[in-house]
1. Could you line up Asp49, Asp36 from fewest to most neighbouring Cβ atoms inside 10 Å?
2. Please work out how much length the chain gains when fully extended from Thr269 to Ile303, using 0.36 nm per residue of separation minus the C-alpha to C-alpha distance, in nm with one decimal.
3. Among Thr392, Thr265, Thr139, Thr165, rank each residue by its count of other Cβ atoms within 10 Å, from fewest to most, as a rough exposure measure.
4. Just to confirm the filter: which GluC sites (Glu not before Pro) across segment 211-317 are DSSP coil and have at most 16 other Cβ within 10 angstrom of their Cβ?
5. Semi-axes of the equivalent ellipsoid for segment 352-403, please: Cα gyration tensor eigenvalues, times 5, square-rooted, ordered largest first, whole Å.
6. Taking the Cα centre of segment 16-404 as origin, sum charge times position over the Cβ atoms of Lys and Arg (+1) and Asp and Glu (-1), and report the length of that vector in debye to the nearest 20.
7. Which of the peptides 145-153, 313-321 is most tightly packed, and how do the rest follow, judged by the mean count of other Cβ atoms within 10 Å per residue?
8. Working from Cα positions, state the angle (0 to 90°, nearest 10) between the long axis of helix 339-348 and the longest principal axis of the chain.
Amino acid sequence: MATTKVTHDTNVSYTRVDRRRIMAAASLGWGLEFFDLQLVSLLATPIMDSFGITRGQIGAIFTAQLIATALGGIVFGRLADIYGRKRVLSWTIWVFGLSTVLSAFAPTFWVFLLLRVVTGFGTGGEWAVGFSLLNEAWTPKRRGLAGGAVQSSLWFGYAAAILVTSIFAGENWRWAFVMGGLPVLAAIWVRRRCPESKQWLAMRAGVESGAIPEQGNGLTMLARPQWLRIVVLATLVVMGGQYSYYVYSSWMPTYLKEELGVSATDANTILYVSAGIALVSYLASGGLSDKIGRRSSLVSFAIIQLIGFGLFTYFNANDSSVSLTVFSYFVISFGLGYFGIFGAWLGELFPTAIRASGASFSYSVGRGIASTGPLIVGILAANYGLAGGISTGAIAIVVMIVFSFFLKDQKGREITAVH
């Protein structure tokens, strides 16, 4: 039986097959995660009718499952630094896949809420673990583009979610959650075919032999001044971007149908187009970040989104036509390109020993804080309408832009077993 030779050399290489499988694993995990998380948003009305709950309570579901991502990110990120990227990536997919299936059989609102928390816990670890594996495998000069490509996989997850929820609409909404079992198949494939990070293998072998000094617990390392500053800044940057996204993505399907009077068919078409626009922006921003740097690319797309939020607020305040409001929504969607940069940027900020812990903590805690967005929108909707709550996303964009200037840009740096 052939074995993989692991050396303590800081230089490691991957074959094209290795990279393709790693790209597929990261993309499958992220796309299917997004599929599962979007089900509540797309089925908000029938879920509210089924359990007899209010907008505020459905907003609480959005928030609860997203808060759980923070804890999941901390736990699974640390586990990935201990047990490996590949193994833990499959664990996260198992958790959110099975909990989504069980959500279909929830007898009460509280059981449903609990299962969505478990789903959030699983998805919280998937993003950073998958991107840690990708960052370590990919060539430095094209790492940003690879990150944008993985991020764009959410379009397929979103498109699948729209399709499934349009088929299983109304009283049949529970069947859409049964389809959430698809990620389990992906988890099995990841365990069987995806290669492990060679930098992580070399790092662990080096630590065990004494060639590389043990640096201590990953979470305690993040508390050291040199890493704590990076974690805090990265968390604030992610929080700004995530809040702006969640306040409009969670409620936009409901806003289109209930406040703009758009038919279900037309609303789905708008959502498809929006997701397609975002797909293009992820690829563009990732590739652009390899040329001009992570920060410059992020700020460029953030400004585009800020303009989109401004248009959205103006058109809503002046009772403009539905087509103008939808146009502003598309501008916001194109501005989402900065999400295509997070994966590469965060992974380049931390050494191999704490890459998954650092990136996962920053991304998941940032997402957890931002998860208050859907709840805030649900509360504000009572007095200002959904559009009023959605418009608060502009504030978060400014926060992201400001703190990004304090975060170091390490575009294209070499990732080794030690660094």
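Rule-based calculations on the coordinates, nothing more; no lab input. As the structure is a prediction and not an experimental result, all values here were calculated from the model. Virtual Cβ from ideal backbone geometry, glycine too; neighbours counted across all protein chains shown.
1. If I rank by nearby Cβ atoms, fewest first, I get Asp49, Asp36.
2. Values: separation 34, 0.36 × 34 = 12.24 nm, distance 2.58 nm.
Once the chain is fully extended between Thr269 and Ile303, it gains 9.7 nm.
3. Taking fewest neighbouring Cβ atoms as first place, the list is Thr265, Thr139, Thr392, Thr165.
4. Glu214
5. Rounded to whole Å, the semi-axes are 30, 13, 5.
6. Dipole about the Cα centre, nearest 20: 1340 debye.
7. The peptides rank, most packed first, as 145-153, 313-321.
8. Helix 339-348 sits roughly 20 degrees off the main axis of the chain.
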